[in-house]
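Asks: Sharing a structure here in structure tokens format.
The values are calculated or read from the model by the stated rules, or taken from the named source; none is laboratory data. Everything quoted here is computed from the prediction, not taken from an experiment. For neighbour counting, all protein chains shown are included, and Cβ atoms are generated from backbone atoms with ideal geometry for every residue, glycine included.
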Amino acid sequence: MARVYLIRHASPRIEPGLPPARWRLSPYGIEESRRLAAAAADSRGIEALYSSVKAKATATAAIIALARGACGVVGLENRGAFLSNAAPPG
């Protein structure tokens, strides 16, 4: 049976001069992502990671992908991609 895990991005570094979509991860957020990747180490069958194109989301997914040896991260625009597409892009 297929499983889907929904994960919110890790804690961002708030940068007042930038729009939130461009905020990156804080040092704490990087550590959160590493801990999540370690906790998922026993999970088998992760075939793909999908993320919004926002910097904090792609960074969270990339840290998990690198730690897991996953196939990579696919960035999705936040325009209903999860709801309107029957299959992932590509």
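Asks: Find the helices (runs of 4 or more DSSP H) located wholly in the chain whose residues include 1 or more that are surrounded by 13 or more Cβ atoms within 10 Å (Cβ to Cβ) and modelled with pLDDT of 90 or more, and list them.
Replies: On the way: elements: 27-39, 55-68, 81-84.
Because the criterion is at least 1 residues that are surrounded by 13 or more Cβ atoms within 10 Å (Cβ to Cβ) and modelled with pLDDT of 90 or more, the helices (runs of 4 or more DSSP H) in the chain that meet it are 27-39, 55-68.
Asks: Filter region 1-52 down to residues that are over 20 Å from residue 68 (Cα atoms) and hydrophobic (A, V, I, L, M, F, W, C), then give me how many there are.
Replies: The number of residues fulfilling the criteria is 5.
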